[in-house]
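Inspection log for the structure reproduced underneath, given as structure tokens.
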Amino acid sequence: MSTDYHAKYFAHELTKRCASDSVEKLATVLADAQVDLNPHQVEAALFAFRSPFSKGAILADEVGLGKTIEAGLLLAQKWAERKRRLLVIVPANLRKQWEQELADKFYLPSVILEARSFNETIRAGNLNPFQQDAIVLCSYQFARTKEPYLRQTAWDLVVIDEAHRLRNVYKNTSKIALSVKQAVAPFPKVLLTATPLQNSLLELYGLVSIIDDFAFGDLKSYRARFARLGDDADFTELKERLKPLCKRTLRRQVLEYVKYTNRHALVQEFVPSEDEQRLYDLVSDYLQRPTLYALPASQRQLMTLILRKLLASSTYAISGTLEGLLYRLEAAAAAAEAVETPPEGLSQDWEQLDELADEWEDDDTGAAKPEQARLTPEQLVELRQEMEQLRQFHDLAKSIIRNSKGEVLLTALRRGFAAAAEAQKNKGAATLQHKAVM
């Protein structure tokens, strides 16, 4: 039953409501945030809140201007409003960084969902682990594999970091991009990217379509009007269409209150040893073969990227993975079945690596298909030959005890420290000279 007290209380609550584009809306969040906020970051957060009917926004500040802080403001505001269904989709290697920043700068609880934690949550009785009393962080790949769970959760806000990875969503081949778009389509979302445009103006169409499918009409109309800007009128029209959806701040616009440190690159060349070069060439040739039994066909493209990154890192990095591939082939040969999952060590950690491409496409060519396809006698012979090759690669990797790249890295670090000390010395001398003149 409503009383005069309740009426007064609700009236007081209403007096604290602010317009969506008013800085007062963020007052509580701004007071608690443990970060030195800059004006453009507050403006970006307010831009995303500006229209209550908006389906979302693209925040496209240049690198280093604090897009994560801007998204943190949005998440903190939603949390303060007791809107707790919050999702952040990020590249796998950034999940822990996001978790740390949300905790340290905004005191927001978050949980990283991956295969292990997802299964543990289900065993604990939560049949949809995305529904938690914390901000959910997950990778693009994981979001794609758990699309049905994402659809079943009524998200109050979805943040997509490094959103340029979804720029080719208008292509039917961009399976992960399409899956992520469809999974979060009904919910308000914020896309973060420093490079909304890289190769083609069609990429803008792709990103905007994630926010609003009707902002530019269909792809054919956009291509005819904006794919090749023929005159200033078309260019002006494109900017006007983007204005309600996309906000971009450049470094030169914030120089009055953000002081940047100049960066100087030091290049240190290194020459791999004969055995290191031989291993690199052998594994590189192996990865280019049309048929590979050690890599699941559905994940071959992604796993090839991972293996190439490990190969370029060091022989120590690739050695354990080669051994894991060998074990999987041995198990498949014993069962005379096709490999359909990554090696055990890699299956838990592969999505934590930063080797994910800008966009991914399922690769249905090459090795035997999933569903534990039985191998023919001819395929079994090929599989055993591949096993022998992997065994040779692994033996070669184990025999290499000198890390040429690591040794040269120490030289590069010494050069870097020496250059930094010299720069500091020169800076101190310049300061003394300036004081003497005054």
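Residues within the reach of a label modelled at LYS427 (point 7 angstrom out along Cα to beta-carbon, backbone nitrogen below 20 Å), restricted to segment 241-258, are 255-258. Neighbours of ASP275 by Cβ distance under 15 Å: Lys/Arg scored +1, Asp/Glu scored -1, total -1.
Would you please report the Å³ per residue occupied by the convex hull of the alpha carbon atoms in segment 216-300? If you can, show how the numbers build up before the last one.
Values: hull volume 26.2 nm³, N = 85.
Each residue corresponds to 308 Å³ of Cα convex hull volume.
When both segment 258-310 and segment 96-135 are represented by their alpha-carbon centers, they are found 32 Å apart. Placing a pseudo-label 7 Å from each Cα along the Cα-to-Cβ vector at ALA185 and ILE401 gives an inter-label distance of 6.0 nm. Under the convention that each Lys and Arg Cβ holds +1 and each Asp and Glu Cβ holds -1, the size of the dipole of segment 196-323 around its Cα centre is about 480 debye.
If you add up the charges near PHE226, with Lys and Arg at +1 and Asp and Glu at -1, over every other residue whose beta carbon is less than 9 angstrom from its beta carbon, what do you get?
Working: positive: ARG223, ARG225, ARG228, ARG241; negative: ASP234, GLU237.
Value of the local net charge: +2.
Pairs from the table (LYS181/LYS259; LYS181/LYS243; LYS105/LYS247) lying more than 26 angstrom apart at Cα are LYS181/LYS259. The H on the amide N of GLY56, modeled in the peptide plane, is under 5 Å from the matching H of LYS189, each at least 5 residues off or on a different chain. If you take the beta carbon distance between ALA420 and ASP232 as r and set R0 to 51 Å, what does 1/(1 + (r/R0)^6) give as a FRET efficiency, to the nearest 0.05? Working from the Cβ atoms, E equals 0.60. Local charge for TYR257 was computed over the other residues whose Cβ lies under 13 Å away, with Lys and Arg +1 and Asp and Glu -1, and equals 0. Label sites at ALA312 and GLU274, each approximated as a point 7 angstrom past Cα along Cα to Cβ, lie 2.7 nm apart. Give me the Debye-computed log₁₀ of I(q)/I(0) at q = 0.11, 0.15, 0.29 Å⁻¹ for segment 88-157, equal point scatterers on Cα only, no solvent, two decimals. Values, matching the q order: -0.25, -0.47, -1.46.
We did not get these values from a lab; they are worked out from the coordinates using the rules stated. In this text, all values refer to a predicted model and were calculated from it rather than measured experimentally. Please note: Cβ atoms are built from the backbone with ideal geometry, for glycine as well, and neighbour counts cover all protein chains shown.
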